[in-house]
Amino acid sequence: MAWISLILAGLCEMIGVAMINKLHKDRNWQSLVLLSLGFGASFIFLAYAMKSLPMGTAYAIWTGIGASGGAILGMLLYGESKDWKRLVFIGLVLGSAIGLKLVS
């Protein structure tokens, strides 16, 4: 259950990051509410996951999902660069998080 919670935390982090960009563009209360809910839920799920998982592993995976997912959402939703080099480094971030899980 801790791993499911950690994945949910990362997905909520992605929502929060996407809403930061949306809030800068639209300046509406819906974006602000979704931003707050996304980050709030992310921290709640992360805290639950860290009851069972080591802090370093949980934080690294949460950060990896959030950072990579935010970059991917930026490409899909906001027209950010889809350069192959950028995709390679996103893959490295995700691979590093998976590798950390495998060795811990």
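Just how large is the dipole of region 2-103 about the Cα centre, in debye to the nearest 20, putting +1 at every Lys and Arg Cβ and -1 at every Asp and Glu Cβ? Don't jump to the answer; show the numbers that get you there.
Details: 8 positive and 4 negative charges, 12 e Å.
Magnitude of the dipole: close to 60 debye.
GNM on the chain, alpha-carbon springs under 10 angstrom: the most fluctuating residue among G40, G64, G16 is G40. Straight Cα distances below 16 angstrom link K22 to the aspartates and glutamates E13, E80, with same-chain residues fewer than 8 positions distant left out. Straight-line reach from K101: taking Cα to Cα under 29 Å and skipping same-chain neighbours fewer than 8 places apart, the lysines in range are K51, K82, K85. The calculated FRET efficiency for the pair A47 and L87, based on their C-beta separation and a Förster distance of 35 Å, comes to about 0.65.
Between E80 and K101, what FRET efficiency comes out of the Förster formula 1/(1 + (r/R0)^6) with R0 = 30 Å and r the beta carbon distance, rounded to 0.05? Each step should come with its number before you reach the end.
Numbers: r = 28 Å, r/R0 = 0.92.
That pair, K101 with E80, gives E of 0.60.
Taking trypsin sites (Lys or Arg not before Pro) across region 35-104, the ones in a DSSP loop with at most 16 further Cβ atoms lying within 10 angstrom of their Cβ are K51, K82.
Distance distribution P(r), region 2-103, all Cα-Cα pairs, bin width 5 angstrom from 0: 2, 15, 20, 21, 18, 13, 8, 2, 0 percent. Taking the chain as a Gaussian network, where each spring joins two C-alpha atoms under 10 Å apart, which residue of G69, G79, G38 fluctuates the most? Most flexible of the set in this elastic network: G79. For the chain, modelled as a GNM whose springs connect Cα atoms under 10 angstrom apart, the maximal fluctuation among L35, L46, L23 occurs at L23.
Laboratory data are not the source of any read-out in this text; all were calculated from the coordinates shown. Owing to the predicted nature of the structure, the values given are computational and were not obtained by experimental measurement. Because the Cβ atoms are built from the backbone with ideal geometry, glycine has one as well, and the counts that use them run over all protein chains shown.
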